[in-house]
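S.K.: Quick one: the structure is below, and I'll ask about it shortly.
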Amino acid sequence: MSEHDDPHAVDLELPIAARITAASERHGEAVIVERAVSLIEGNNEGKEFLLIVGGEHAQGILDGAPVLYWPELWGTRALLHAWNDSAADAVRAALSNQAWRVREMATRVVATRRLDAREQLLALLTDDTARVRASAARALGTVGSLDVVETLSELVKDEDIEVRRAAQQAVTAIRKRSPQE
């Protein structure tokens, strides 16, 4: 067992933000970010860390449930609560993860951390999964500029109401903060 692997040190009743904060105080935020990136890359970061980022749901994996994409998703989500710029490339890579939930979460991290990922977000506006399209539109509403308004405006005709709503809100947000040309 490594110095970072004490599953009894995790209070699974705490919300994710509190678990990440406690882990950052215990191990240092840089360690938490490094381990979150490692999960995104598909590595095993031990029981304690899986419980920190996955909470009670991680116990199912530890008890033998299929791993699927959950650790990658939880590693990405952890970056909403712990951060340094060393994680930026991993988040950009997560935007093209095969699992839609990971792609969706990565768009949230891009928006929260205001990462430059314009091209990847624009590509996600045509994703097969409506939730990814909507989340990419929301992220562009945060990090995009006037040059993406036309593309976002096309999504106002999307078959999914949440995509339409997110696209319209993104266009409004960009226009509100951008000087009109």
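The values are calculated or read from the model by the stated rules, or taken from the named source; none is laboratory data. Keep in mind it's a predicted model, so treat the numbers as computed, not measured. Cβ atoms come from the backbone with ideal geometry, glycine included; neighbour counts cover every protein chain shown. These accessible areas exclude ligands, DNA and RNA; they are computed on the full protein's heavy atoms, side chains included. Shrake-Rupley method; radii C 1.70, N 1.55, O 1.52, S 1.80 Å.
S.K.: Inspect all residues belonging to segment 62-74 and state whether any of them is buried (at least 18 other Cβ atoms within 10 Å of the Cβ) and among the small types (Gly, Ala, Ser).
M.R.: no
S.K.: Could you run through segment 77-101 and say how many residues are of a type outside the set (D, E, K, R), closer than 14 Å to Glu41 by Cα and surrounded by fewer than 17 Cβ atoms within 10 Å (Cβ to Cβ)?
M.R.: Qualifying residue count, segment 77-101: 5.
S.K.: Might you check whether a residue that is within 23 Å of the chain's Cα centre (by Cα), of a type in the set (Asp, Glu) and not in a loop (DSSP other than H, G, I, E, B) occurs anywhere in segment 146-158?
M.R.: no
S.K.: Which condition breaks for Leu51 when tested against (1) open to solvent by less than 70 Å² (accessible area, probe 1.4 Å); (2) within 17 Å of the chain's Cα centre (by Cα); (3) farther than 16 Å from Arg101 by Cβ?
M.R.: Condition (2) is where Leu51 drops out.
S.K.: Let me ask another. Would you point out the residue of segment 1-16, among those that are open to solvent by 40 Å² or more (accessible area, probe 1.4 Å) and assigned to a helix (DSSP H, G or I), that is modelled with the lowest pLDDT?
M.R.: Per the stated criteria, the residue is His8.
S.K.: Just the residues that are under 15 Å from Arg101 (Cα atoms) and assigned to a helix (DSSP H, G or I), please, taken from segment 120-138.
M.R.: If the condition is that a residue be under 15 Å from Arg101 (Cα atoms) and assigned to a helix (DSSP H, G or I), then Leu121, Leu124, Ala130, Arg131, Val132, Arg133, Ala134, Ser135, Ala136 are the ones that fit.
S.K.: Cβ-Cβ under 8 Å, sequence separation 6+ or interchain: first residue in segment 49-65 and on the phi > 0 side of the Ramachandran plot and in contact (Cβ under 8 Å) with a residue 24 or more places away in the chain, partner open to solvent by less than 30 Å² (accessible area, probe 1.4 Å) and in a helix (DSSP H, G or I). Which pairs?
M.R.: Gly55/Arg19
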